[in-house]
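Asker: Could you have a look at this structure, given as structure tokens, before my questions?
The values are calculated or read from the model by the stated rules, or taken from the named source; none is laboratory data. Every value quoted in this text rests on a predicted model; they were computed, and no experiment measured them. Cβ sites come from the backbone with ideal geometry, for glycine too, and all protein chains shown count toward neighbours. For the accessible areas, the whole protein counts, side chains as well, though only heavy atoms, and no ligand, DNA or RNA atoms are used. Shrake-Rupley method; radii C 1.70, N 1.55, O 1.52, S 1.80 Å.
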Amino acid sequence: MRVTLPSRLGETKGEMTDFATLLHGKPLLAILRNVPIERAVSLAEAVWDSGLGAVEVPIQNPQAVECLRAVAAAAAARGAVVGAGTVVTVEQVAVAADAGAVFTVAPGLDLDVVAASAAAGLPHLPGVATPSEVHHAVKAGCTWLKAFPAGSLGAGWLREVRGPFPDVRFVATGGISAHNARDFLDAGAKALGVGGAVTREGGLAELLTVLSAA
């Protein structure tokens, strides 16, 4: 899916981008769920400083939306970007855009949300767990997909499903840590969506060490 980012996000008006651009050379999508605002900004800055990752803030409640807004402000100040996660309704797409997100992520595939994100100028990363969902997501124009829950699906699932869908790029998400990150990258994941292993004390540094050696 290739879209135009709104000029309010600090990009040159009319410049085109997509997940291939947003995640180029960035194997980490750090998921900052239920993190206090000050710590979320600090973690986001550490991810951006590493050069190895992008940042997602799930927006499941009003407090999380304010966290996204604060992280987006920090991103804008340094030419970085942040996305909104757990976007499961059309209404949340508008909330994400207003808060400064430049992409949206969902745990599942909802074609209305895919369409709303595209209309808002936000690349969308829908969650998939079956070949049928992959097929329908591709038909809807999504070529980057979130394999979720990756820890339960296993690296073998990713390796096998890539056979009939060689053009799809997967972000393996759910149950990923420094201990199995290499397995999913070796299976063909283009990036890893990591939440708990990033937000726990010392977890981000441990993960970045693994990814820097990948």
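Asker: Can you tell me the length gained on complete extension of the stretch Gln63 to Thr143, counting 0.36 nm per residue apart and subtracting the Cα distance?
Answerer: 25.7 nm
Asker: Of Ser42, Ser50, Ser132, which is the most mobile in a GNM of the chain whose springs link Cα atoms less than 10 angstrom apart?
Answerer: Ser132
Asker: Quick one: Karplus J couplings for region 117-125, per residue in order, coefficients 6.51, -1.76, 1.60, θ = phi - 60°, nearest Hz, x for Gly and Pro?
Answerer: Karplus values, whole Hz, x for Gly and Pro: 5, 4, 5, 7, x, 10, x, 10, 10.
Asker: Then there's this: Where both residues lie in the chain, what percent of DSSP beta bridges are antiparallel, nearest 5?
Answerer: Here the antiparallel bridges make up roughly 10 percent for the chain.
Asker: Then there is this: Just to be sure I follow the rule: in the chain, considering lysines 8 or more places apart or on different chains, how many pairs have Cα atoms under 21 Å apart?
Answerer: The number of close lysine pairs in the chain is 4.
Asker: Tell me, what does the Kirkwood hydrodynamic radius of region 125-186 come to in angstroms if you use every pair of distinct C-alpha atoms?
Answerer: After inverting the pairwise mean of 1/r, the radius is 11.5 Å.
Asker: How much area per residue is accessible in the chain when the probe is 1.4 Å and only protein heavy atoms are counted (Å²)?
Answerer: Here the residues of the chain average 43 Å² of exposed surface.
Asker: Also: Order His136, His179 by their accessible area, 1.4 angstrom probe, all chains in place, largest first.
Answerer: The residues order as His179, His136, largest area first.
Asker: Compute the distance in nm between two label points, each set 7 Å from the Cα along the Cα-to-Cβ direction, one at Arg78 and one at Ser42.
Answerer: 1.4 nm
Asker: For the chain, with all protein chains present and a 1.4 Å probe, just round the carbon and sulfur fraction of the accessible area to a whole percent.
Answerer: The C+S portion of the solvent-accessible surface of the chain is 54 percent.
Asker: Follow-up question, since we're still on this one. Which order do the peptides 155-165, 53-63, 20-30 take when ranked by the mean count of other beta-carbon atoms within 10 Å per residue, highest first?
Answerer: 53-63, 20-30, 155-165
Asker: Using all alpha carbons of the chain, what is the percent of pairwise distances in each 5 Å bin, ordered from the shortest bin to the longest?
Answerer: Using 5 Å bins, I get a P(r) of 1, 8, 17, 21, 22, 17, 10, 4, 0 for the chain.
Asker: Mind jotting down the distance between the C-alpha centroids of region 20-87 and region 166-189, whole Å?
Answerer: Region 166-189 and region 20-87 have Cα centres separated by 20 Å.
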